[in-house]
Amino acid sequence: MSRKMKQHIKDEISIPPEIVNAFKLEDTGYNLLLKGQAGVGKTTFAMSLLAFFTEYTPVYLSTRVAPSSLYSQFPWLKGKLAPENILDATRTYIPPAQDPEGSQMKEHLMQTIRFQTIPEFLKIIYEKVAQYEHPIIVIDSWDAIIGPGRNQNDQVETLFTEFIRQSNSKLILIAESDTHGFLDYIVDGILTLRDGEIAGRTFRTIEINKIRAVERKQKQYAFTLYHNKFQYLPPYSKEKFVNISQYQPVQDKDDLFSTGNESLDEIYGGGLRPGTFNLLEVESNVPISSVSSIFIAILCQFIQNGRGAIIRASDGINSDLLDKKRLFLYLPTDRISKYMKILQNQISDRKEIRPYIRQVDEENFNEVFFDTYSKLSSVSKFQPVFAGISYDNLQFMVDFNKTIGLFDKHLKLIRNSNVIELGIINSSRSGNSVSEEYNNLTADLSYIATTHIKIIEQHGAIMIYSIKPRNASLFCIKTTFHKGYPQIELLPIV
């Protein structure tokens, strides 16, 4: 993703609502145990919590991150986490290099805690808690602090967690693994961070294993560590918009044509090319309304630029994909009538009177499609015509040979014309014979497509990635209306 696009992406810290609600409980402290293997983002998450809860005074005690390197790793902590509240609990000391006067050494020693017993450690924590009215403390890591000695540790952990509750403090204990232990029973909340892959691309989840006194609406959320900050990815919901504005086109680049979304243009390598079939695969569990913002933006981009657009939604003119009523909010009615044509299956003998609709069936689809293309091309002074076609998987399955033959003819005509087609097809996750047939069909279409983008759902969040050409990143789709019309932002999952 280009530097220009990265500047438009919001990198604000966001925390799952269950954790926010837990830390906002009044008249009680709260203990969180943070688990996960090395490299999953536990320290980044803990630092994000310190920055997020501005009403608390943050304190960080570490056995593995030197105070001098903390601000360089998390520069956004400056001004939020005071230097005197970064406590070094390491048992070894490496003098700073190039320090002839010893000033850095003195500063380091002032911040270094050297304790030989657990009671001495508890005393230091008690002093910090007493110093502030509402502290939030991160101990990184608890395993290194507590050390061996199971019987003694059980008593210390019980005493310590109860002390946090009674003092109305907030505590995050970072564990060095995700193993089960006595501490699991006495803390108020347990979170487990994990990282994995989707189609060879980084994917991260946070699991809420336990959250006392708070309703858990969802057990797992996806998240990203973009710009070294924790951002959870909330489940998709239709965003309500208040202020509505007429669509303003995005500038095209060179011989490429914009999708109307600068973020999406980046995935397409700058935009779309005429004479191409571009496959948009949408998993069956993805709400089609979440794809509507992409579709609407492309239509607005072409129509507002005086270019033609042909649409065929498998479920008709009032589908969630097309959302005709919203389209009329962003474009002048006369431009829609002039530059847009909707191909709709004929369902009765009644003659269609709406000027932007043409009736069609499977047998005459190619004939009607290219007749419509010719007329729109002439009206738009032979500029490229966009075609958004929603393909019905069942039609392929019922009469595959006949349907694929018509599609092959259609594709040849597309490649020899000034059409940019976005073919939308649903797919299913593997697990049954029907989904395997769909996936085989999708693989065939991907082979002949110029581009292949896939949209999936994970823990409620909507994500997108490019299969052809391959992009190494997975992105979360966020729909915004800050311009008065739908736009998408793509947040990298890193």
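Each reported figure results from applying straightforward, stated rules to the coordinates on display, with no laboratory input. Quick caveat: nothing in here was measured; it's all calculated off a predicted structure. Cβ coordinates were reconstructed from backbone atoms using ideal geometry, including for glycine residues, and neighbour counts include every protein chain displayed.
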Enumerate the calculated ³J(HN,Hα) couplings along the stretch 243-255 in order (Karplus 6.51 cos²θ - 1.76 cosθ + 1.60, θ = phi - 60°), each rounded to whole Hz, writing x wherever the residue is Gly or Pro. 7, 10, 10, 6, 5, 10, x, 8, 5, 6, 10, 6, 9
Residues with amide H under 5 Å of residue 427's amide H, sequence separation 5 or more or different chain, H placed in the peptide plane at 1.01 Å from N; which? 282, 283, 284
What area, in nm² and to one decimal, does the C-alpha convex hull of the stretch 262-493 cast on average over all directions? 12.9 nm²
Of 473, 365, 488, which is farthest on the positive side of the dipole of the stretch 262-493, counting Cα position, with +1 on Lys and Arg Cβ, -1 on Asp and Glu Cβ, and the Cα centre as origin? 488
Search the structure for amide H atoms under 5 Å from the amide H of residue 225, placed 1.01 Å from N in the peptide plane, and list their residues when 5 or more places away or on another chain. 494
Shape call for the stretch 227-320 from the C-alpha gyration tensor, a ≥ b ≥ c root eigenvalues: rounded (a/c under 1.5), prolate (a/b greater than b/c) or oblate? rounded
Determine, from the Cβ-Cβ distance of residue 134 and residue 354 and an R0 of 35 Å, the FRET efficiency 1/(1 + (r/R0)^6), rounded to the nearest 0.05. 0.05
Around residue 30, which amide H atoms from residues at least 5 apart in sequence, or from another chain, sit under 5 Å from its own amide H, with H modelled in the peptide plane? 169, 170, 171
Phi to ³J(HN,Hα) by Karplus 6.51 cos²θ - 1.76 cosθ + 1.60 over the stretch 301-309, Hz, x for Gly, Pro: 4, 6, 5, 5, 8, x, 10, x, 9
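What ranking do 142, 76 get, fewest neighbouring Cβ atoms within 10 angstrom at the top? Intermediate results must be reported in sequence, preceding the final value.
Working: 142 21, 76 16.
Starting with the residue having the fewest Cβ neighbours, the order is 76, 142.
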Could you calculate the contour length gain from residue 402 to residue 216, that is, 0.36 nm times the residue separation minus the distance between their Cα atoms, to one decimal place in nm? 61.9 nm
Can you compute the FRET efficiency between residue 381 and residue 473 using 1/(1 + (r/R0)^6), with r the Cβ-Cβ distance and R0 = 51 Å? Round to the nearest 0.05. 0.85
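Would you mind ranking 35, 123, 375 so that the residue whose beta carbon has the fewest other beta carbons within 10 Å leads the list? Mind dumping the intermediate values first?
Working: 35 24, 123 11, 375 14.
Fewest-to-most Cβ neighbours within 10 Å comes out as 123, 375, 35.
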Got a sec to turn the phi values of the stretch 195-209 into Karplus ³J(HN,Hα) couplings, 6.51 cos²θ - 1.76 cosθ + 1.60 with θ = phi - 60°, whole Hz, x for Gly and Pro? 10, x, 9, 10, 6, x, 10, 4, 9, 10, 9, 10, 10, 8, 6
